[in-house]
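Right, one structure below, let's go through it.
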Amino acid sequence: MSISLLDLDLGGMAAFCEELGEKRFRATQLFRWIHQRGASDFDQMTDLAKSLREKLKGRAHVAPLPILQEHTSADGTVKWLFDVGGGNAVETVYIPEDDRGTLCISSQAGCAVGCRFCSTGHQGFSRNLTTGEIVAQLWFAEHQLRQRRGSDERVISNVVMMGMGEPLQNYSALVPALRTMLDDHAYGLSRRRVTVSTSGVVPMIDRLAQDCPVALAVSLHAPNDALRDGLVPLNRKYPLAELLGACERYLEHAPRDFITFEYCMLDGVNDQPEHARELIELVSGRAGAPRVPCKFNLIPFNPFPASGLRRSPPAVVSAFGKQLSDAGFVTTVRKTRGDDIDAACGQLAGDVRDRTRVDQRMAKLRTIPIRPVA
């Protein structure tokens with residue numbers, strides 16, 4: 001059976017080479033050819049012995065994900081739709097900026113968390129992606145963009161695991177993918193420039209701190225449990241007190257000295273002055289508990305009909321952000337990018353063969369009141 005070499009981090013590649021009767025340094029050579037040079041044909045790997053290349057042809061492959069669609073936004077954002085088989089497709093987004101190139105990567109075909117304001121969650125969940133399918137998104141985007149620019153210089157400087165899916169619910173595939181992204185023989189990304197975004201899977205936050213600490217972003221979206229229960233269903237399993245405790249523990253290992261809290265601004269739902277005050281109290285700690293060093297990223301909601309929600313007006317977002325800033329918290333408003341190609345935050349939907357009865361789950365979620373009680 002042929003193995004996908006995109007599934008292997010450097011340790012896995014070394015073990016594979018040993019199985020072939022080769023020395024471990026061959027793994028480094030293979031890693032560089034695949035990830036640094038974008039090679040998928042073993043005959044291109046000219047510093048490998050011909051005997052090894054023949055072994056590889058019979059035992060392994062480097063296969064890109066088939067592309068179903070590509071769209072480029074007026075602002076330069078590029079969105080790809082990749083076929084991952086079984087009637088499923090996932091989306092990946094490249095966001096160019098003056099000082100960086102960011103790739104937003106998917107970790108699952110769909111998402112089982114089912115956040116009220118997220119288009120992906122309304123599609124349901126089919127399956128986890130493999131490590132190779134996660135890495136293949138970066139492998140393709142990096143080398144495709146280099147070819148288009150006619151340059152060997154690195155294009156992607158930042159990776160955010162903020163595409164389709166909850167990364168920490170696909171932990172066993174996520175960690176080897178992160179290790180490949182960070183490896184100097186592959187993409188050589190800084191831990192500070194690789195971000196995992198989670199809706200709050202507390203046990204896996206603790207594991208990530210030990211196994212592969214990178215920058216952490218937490219999809220908060222509400223300042224209290226009652227409201228968050230209706231927006232982020234996972235909160236009923238891991239309420240805010242447990243989530244913030246995990247964030248404090250993570251900071252002991254994190255490459256950055258703060259957690260990013262993402263907050264989707266929903267008109268009349270979580271955007272009022274009292275919500276900002278509650279948010280400040282929440283992260284400042286109570287009864288002598290330590291403050292959680294953090295910054296807030298306010299996200300303008302990208303509406304879609306099934307959500308039943310509206311975007312907060314710009315003036316409301318500005319006033320909310322000012323309250324947080326005046327309290328001493330670094331606060332940014334995420335710039336909407338790629339919304340003309342449905343590539344903005346919360347819009348990634350792909351194509352998912354749902355097997356989780358998403359309609360029933362969403363109908364139940366909509367019965368939970370999310371508007372503040374007068």
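Only residues in the range 62-88 that are more than 15 Å from Trp139 (Cβ to Cβ) count as the first member; pair them with residues that are of a type in the set (Lys, Arg) and assigned to a strand (DSSP E or B), Cβ under 6 angstrom, at least 6 apart or cross-chain, and list the lot. Qualifying pairs under 6 Å: His71/Lys79.
Residue count for the range 6-33 under the criterion of being touching a residue at least 60 places away in the same chain (Cβ under 8 Å), touching a helix residue (DSSP H, G or I) at 6+ places or on another chain (Cβ under 6 Å) and outside any loop (DSSP other than H, G, I, E, B): the result is 4. Just checking, does the range 200-210 include any residue being charged (D, E, K, R) and either surrounded by 22 or more Cβ atoms within 10 Å (Cβ to Cβ) or in contact with a helix residue (DSSP H, G or I) (Cβ under 7 Å, 6 or more places away or on another chain) (or both)? Yes, that holds for at least one residue. Picking from residues in the range 68-117 that are hydroxyl-bearing (Ser, Thr, Tyr), modelled with pLDDT of 90 or more and not in a strand (DSSP E or B), the one that is surrounded by the fewest Cβ atoms within 10 Å (Cβ to Cβ) is Thr77. Screening the candidates Ala289, Ala327, Ala315, Ala319 for the property of being more than 30 Å from Cys212 (Cβ to Cβ), at pLDDT below 95 and surrounded by fewer than 18 Cβ atoms within 10 Å (Cβ to Cβ) yields one hit, Ala327. For the range 129-155, a residue qualifies if it is crowded, with 21+ Cβ neighbours inside 10 Å, touching a helix residue (DSSP H, G or I) at 6+ places or on another chain (Cβ under 7 Å) and not hydroxyl-bearing (Ser, Thr, Tyr), and the qualifying residues are Leu129, Gly132, Ile134, Val135, Ala136, Leu138, Trp139.
Looking at the range 209-219, can you tell me whether even one residue there is polar (S, T, N, Q) and in contact (Cβ under 8 Å) with a residue 40 or more places away in the chain? Yes: the range 209-219 contains one or more residues that are polar (S, T, N, Q) and in contact (Cβ under 8 Å) with a residue 40 or more places away in the chain. Annotation note: Cβ proximity below 8 Å between a residue of the range 281-302 that is closer than 18 Å to Ala319 by Cβ and a residue that is modelled with pLDDT of 95 or more and among the basic types (Lys, Arg) (sequence gap 6+ or interchain) occurs for no pair. Evaluation of Pro233 against the conditions (1) modelled with pLDDT under 95; (2) touching a Pro at 6+ places or on another chain (Cβ under 8 Å) shows that the sole unmet condition is (2).
The values are calculated or read from the model by the stated rules, or taken from the named source; none is laboratory data. Computed from a predicted structure; not experimentally measured. Note: ideal-geometry Cβ built from the backbone for every residue, glycine included; neighbour counts use all protein chains shown.
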